[in-house]
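Student: I have a structure I would like to understand better, so I am pasting it below and will then ask my questions one at a time.
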Amino acid sequence: MTERLIIDHVGHRGDGVAVTDAGSVFVPYALGGETVEVEPAASHPDRARLLRIERKSAERIAPFCPHFGACGGCAIQHWQQAAYRAWKRQIVIDTLTQARIDCTVDELVDAHGAGRRRITLHARRDGDGKLRVGFAASNSHAIVPIDACPILDPALHGAFDAARELASVLKPANKPLDIQVTATDNGLDVDVRGSGPLPAALIATLSRVAEAHRLARLTRHGELVLMRVPPMIRIGTTRLTLPPGSFLQATVAGEETLAALVAGHCKKAKHIADLFCGVGPFALRLATGARVAALDSDPGAIEALHKAAAAAHGLKPLNAEARDLFRRPLVPQELREFDAVVFDPPRQGAEAQSKQLATSKIPVIVAVSCNVATFARDARLLIDGGYRLEAVTPLDQFRHSPHVELVARFQRGR
């Protein structure tokens, strides 16, 4: 059974939204103003599969990737840039408005740069015995085989070939094998997850594969299999060896843009706390002009940051400490020594820490977020505690997706 719908607008997840008497219907790959023929999704009554576009939007363009629509990596390649950028900024405006937060939102900053420098590929041998290596399909656990991806940093060249050979050695069955690949200055850093214990003979074979593909390092669930050279990245003026499977901003341009905004908001501070600091993309740059205390729950990231800071020249004192800020947030008594705080939590936000910050006397708080909804929740806590939200800058690091990031500055009210 097919239906004919008129798309009203593009929703926050990138789907076209048709408003019907029965409620909203979400149609992937449809644009506002289009008339479309769809097939209702049996398992999700509020979703439909696009079959045909009867009337196209004037803003529709041809997608540039042959896998678009099958691969679940990109939600939007079919929309003109100006409309797409306005929509992404509007996501931030709408979410803040819903949280009763009134502020000016800057224009969207493009932070895609050369492309994404880290990916997670999936491998599985299906019932037909064929090994498939690629990305997950849209709204499915099926794997779309991929040989190349046009939104990746050229530094990831060779990632697909290496992943396929690693998967052929590990022979995944029904359970998918995850192969995380990060581009570093010294080559590809690969962490394999889901393989199960590796016997000595298999480790030897994997080592040969890593050598053949000139991988910087190969680990399994963070445990070292082979390291040809330490996988290094440059952060500001310092060089850091990545811990296995560690988090990095998706693009080099994204990290640099976020860091520049953070530094600009902290430029008068002399002692800064960098909370949820990871491997230190902000801390190592801020330490060129201020004392920094950097905290994160990941001991591996903290150790890497500590070593990088110790080996660097020209930095002011940087103290790195492992601490779970969800369970043990810094309290106002501990925050008294700082004149600025930066926090960049995971997608779940930093509710516990924000409650403590809201009762502190920190003059300036800079928030970095990859989830506008949890940012709005945390921002509401700070505003209710007496802070003014002075600046919000959205960034597009995950181009062609609904994900948007932002940097915001809060000033303690006078």
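The values are calculated or read from the model by the stated rules, or taken from the named source; none is laboratory data. Note that the coordinates shown come from a computational prediction; the quantities given were computed from them, not determined experimentally. Note: areas computed on protein heavy atoms with side chains; ligands, DNA, RNA excluded. Shrake-Rupley method; radii C 1.70, N 1.55, O 1.52, S 1.80 Å.
Student: Out of all DSSP beta bridges in the chain, what portion is antiparallel? Express it as a percent rounded to 5. Display every interim value, and only then the final one.
Tutor: Values: 61 of 89 bridges.
Once the DSSP bridges in the chain are tallied, antiparallel ones form about 70 percent.
Student: Next question, about the same structure. Using only protein heavy atoms and a 1.4 Å probe, report how much of PHE338 is accessible, in Å² to the nearest 10.
Tutor: 20 Å²
Student: Now for a different question. With the Cα gyration tensor of the stretch 83-193 in hand, give its eigenvalues times 5 under a square root as the equivalent ellipsoid semi-axes, listed largest first in whole angstrom.
Tutor: Working through the eigenvalues yields semi-axes of 36, 19, 12 Å.
Student: Related question: Could you work out what % of the accessible surface of the chain is carbon and sulfur, using a 1.4 angstrom probe and leaving DNA, RNA and ligands out of the count?
Tutor: After summing per-atom areas, the C and S share lands at 52 percent.
Student: Once all Cα-Cα distances of the stretch 220-377 are split into 5 Å bins that start at 0, what whole-number percent is in each one?
Tutor: 2, 9, 19, 23, 22, 14, 7, 3, 1, 0
Student: Mind grabbing the accessible area of LEU261 for me, 1.4 Å probe, Å², rounded to tens?
Tutor: 40 Å²
Student: Could you work out Rg/(2.2 N^0.38 Å) for the chain, with Rg from alpha carbons only?
Tutor: It is 1.06.
Student: How long are the three semi-axes of the equivalent ellipsoid for the stretch 140-188, computed from the Cα gyration tensor as the root of 5 times each eigenvalue, in whole Å, largest first? The partial results should precede the final answer.
Tutor: On the way: eigenvalues 90, 38, 16 Å².
Calculated on Cα positions only, the semi-axes equal 21, 14, 9 Å.
Student: How much accessible area per residue does the chain have, in Å², with a 1.4 Å probe?
Tutor: Normalised by residue count, the accessible surface of the chain is 46 Å².
Student: A further question follows. Ordering THR104, THR120 by how much accessible area each has at a 1.4 Å probe, largest first, what is the list?
Tutor: If we order THR104, THR120 from most to least accessible, we get THR104, THR120.
Student: Can you tell me the mean projection area, over all orientations, of the convex hull of the stretch 117-272's alpha carbons? Units nm², please.
Tutor: 11.2 nm²
Student: Consider all pairwise Cα distances in the stretch 316-410 and report the whole-number % of them above 19 Å.
Tutor: 41 percent
Student: Please provide three numbers in whole Å: the alpha-carbon extents of the stretch 1-119 along the principal axes, with the largest listed first.
Tutor: Result for the stretch 1-119: principal-axis Cα extents of 44, 38, 29 Å.
Student: Which entries of LYS88/LYS268; LYS267/LYS316; LYS268/LYS361; LYS307/LYS361; LYS88/LYS316; LYS267/LYS361 have Cα-Cα distances beyond 26 Å here?
Tutor: The pairs that break the limit, which is 26 Å between Cα atoms, are LYS88/LYS268; LYS307/LYS361; LYS88/LYS316.
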